[in-house]
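Bear in mind these aren't lab numbers, they're just calculated from the coordinates by the rules spelled out. Just so you know, these numbers come straight off a predicted model, no measurement behind them. For neighbour counting, all protein chains shown are included, and Cβ atoms are generated from backbone atoms with ideal geometry for every residue, glycine included.
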Amino acid sequence: MRWVSLRTIQPNRVLAQSIFDERGRVLLARGMVLSSRMVERLRRMGIGSVCIEDTSTDDLQTQGVVSPQTRQLVLDATYRSLRELANGTYSRVVKPNRVKRQLRPLLSDVIGQLKAMDGAGEHLGTVYVSGGDLYHHSVNVTFFALGVGIAMGLTEEQLIDLGIGTLLHDVGKLKIPESILKKPGRLTDEEFQYIKLHTSYGYELLRAVPDLSTASAMVALQHHERINGSGYPKGLLGEGIHYFSRITAVVDVYEALTANRVYRNAYLPHHAFELLLGGGGTQFDPLVIEAFVSTIAIYPVGMTLLLSTGHRAVVVRSPQKQTQRPIVRVIEDAEGNPVPVPWEMDLSKELTIEIVGRES
Ligand SMILES: [Fe+2]
């Protein structure tokens, strides 16, 4: 299997991974043959790439650390919790204990799967239709944050509270009009001031639920604070920001940079990392950055890369300490023709070759 762009995909390729809608329901199942009409439809839905079966990479397995079933359950529970919170279904009188009761076993399951992870992992490239970004974003941020939390040695209870905070960190956005949230192009100052309010709105919504810890609610309030005081809403400094929020700040920015958004295309993962590293010590907690780098594969197995030589190559291994320079299998020459015999290359040894693009 490998990831390919829908702009360059050939007709009648077989899907190697299902495509989900914004609620996590299967839209197109694995094994389906993609007709040109389907490709067109997917592109119109805002999907950029899909995972296909491919003879030169048949031996590769997707490296998703959290099982698709678990991801789907978490996504569904997140969708329901966020909606119910924003619609005020939860109050001190109505079902006060449901949020944590609902999310705890799912998060325990995710934590277990992440702890069992061997080496850097998690390809978060599962394809979903755009428009549901809030939910997928929240779930991705949570998986990243829990990975960091585990690397930093948090206890199970702390991880659960962190996970609840990250799943719900943007709940305040449901109180902001979509016309502002999804506006392509620049926001006016006034619109940006409005968007900033999602932090305090979220905090108020979460504080109103008695079974949620203050630390979880803090994530909603402080995830846009920066350790040099340049963040919002309060411009807090360093350790004045709760450590859950310092973790969330890093993974939230990373997820936002690497996902396709209405207003721009995704950054390459290593560029997103460079931006974060540049901000380590100024905007972001360097200990969090260090833990994050150790937990994630920047170029996960199956990702198709474009090399400075013009070749197209697929990531076959992403060693934990070398995730910026993975081992790749070259499958197409500079003219776009399949190479007769694919060969493998360790980019950590081929330092003159640059990664100039990726599909997915
Ligand atoms: Fe946010």
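Structure notes:
- Separation between Cα centres of the stretch 161-233 and the stretch 1-51, rounded to whole Å: 32 Å
- Pairs beyond 28 Å (Cα-Cα), from LYS100/LYS183; LYS183/LYS234; LYS115/LYS182; LYS100/LYS173; LYS115/LYS175: LYS100/LYS183; LYS115/LYS182; LYS115/LYS175
- For the pair LEU197 and HIS271, the difference between a 0.36 nm per residue extended length and the Cα-Cα distance amounts to 23.7 nm.
- Shape of the stretch 172-256, Cα gyration tensor, a/c cut at 1.5: oblate
- With the helix formula -39500 (n - 2.57) applied to DSSP H stretches of n ≥ 4, the chain reaches a computed 222 nm mean residue ellipticity of -12500 deg cm²/dmol.
- Here the spin labels are modelled as points 7 Å beyond Cα on the Cα-Cβ line, and at GLU354 and ARG80 they lie 4.9 nm apart.
- Karplus 3J(HN,Hα) series, Hz, for the stretch 229-239 with 6.51 cos²θ - 1.76 cosθ + 1.60 (x for Gly, Pro): x, 8, x, 9, x, 9, x, 5, 10, x, 6
- For the stretch 276-360, alpha-carbon Rg and Dmax in angstrom: 14.8, 49
- Rounded to the nearest angstrom and listed largest first, the equivalent-ellipsoid semi-axes of the chain from its Cα gyration tensor are 35, 23, 20.
- Seen against the Cα atoms of the chain and their longest principal axis, helix 243-258 is set at about 40 degrees.
- In a fully extended conformation the segment linking ARG37 and GLU239 would gain 67.4 nm over its present Cα-Cα distance, using 0.36 nm per residue.
- Once the chain from ARG44 to SER179 is taken as fully extended at 0.36 nm per residue, the excess over their C-alpha distance is 46.6 nm.
- For the stretch 303-360, the relative contact order comes to 40 percent (Cα pairs under 8 Å, sequence separation of at least 6).
- ³J(HN,Hα), Karplus 6.51/-1.76/1.60, whole Hz, each residue of the stretch 74-82, x for Gly, Pro: 5, 4, 5, 5, 5, 4, 5, 4, 5
- Viscosity 0.692 mPa s, 37 °C: Kirkwood-radius Stokes-Einstein D of the stretch 1-58 over Cα pairs, µm²/s: 289 µm²/s
- Each of HIS169, HIS136, HIS223 was scored by other Cβ atoms within 10 Å of its Cβ. Arranged with the fewest first, they read HIS136, HIS223, HIS169.
- A Gaussian network model of the chain, with springs between Cα atoms under 10 Å, assigns the largest mean-square fluctuation among GLN17, GLN102, GLN193 to GLN193.
- Remark: SER294, SER179 ranked as SER179, SER294, counting other beta-carbon atoms within 10 Å and listing the fewest first.
- Estimated FRET transfer efficiency when R0 is 35 angstrom, pair THR188-THR8 (beta carbons, to 0.05): 0.40
- Inter-label distance, nm, simple model (7 Å from Cα along the C-beta direction), ARG25/GLU344: 4.2 nm
- Angle between the chain longest axis and helix 98-115 axis [Cα atoms, degrees, rounded to 10]: 40 degrees
- Phi to ³J(HN,Hα) by Karplus 6.51 cos²θ - 1.76 cosθ + 1.60 over the stretch 182-199, Hz, x for Gly, Pro: 9, 5, x, x, 6, 8, 6, 4, 4, 5, 5, 4, 5, 4, 4, 5, 4, 5
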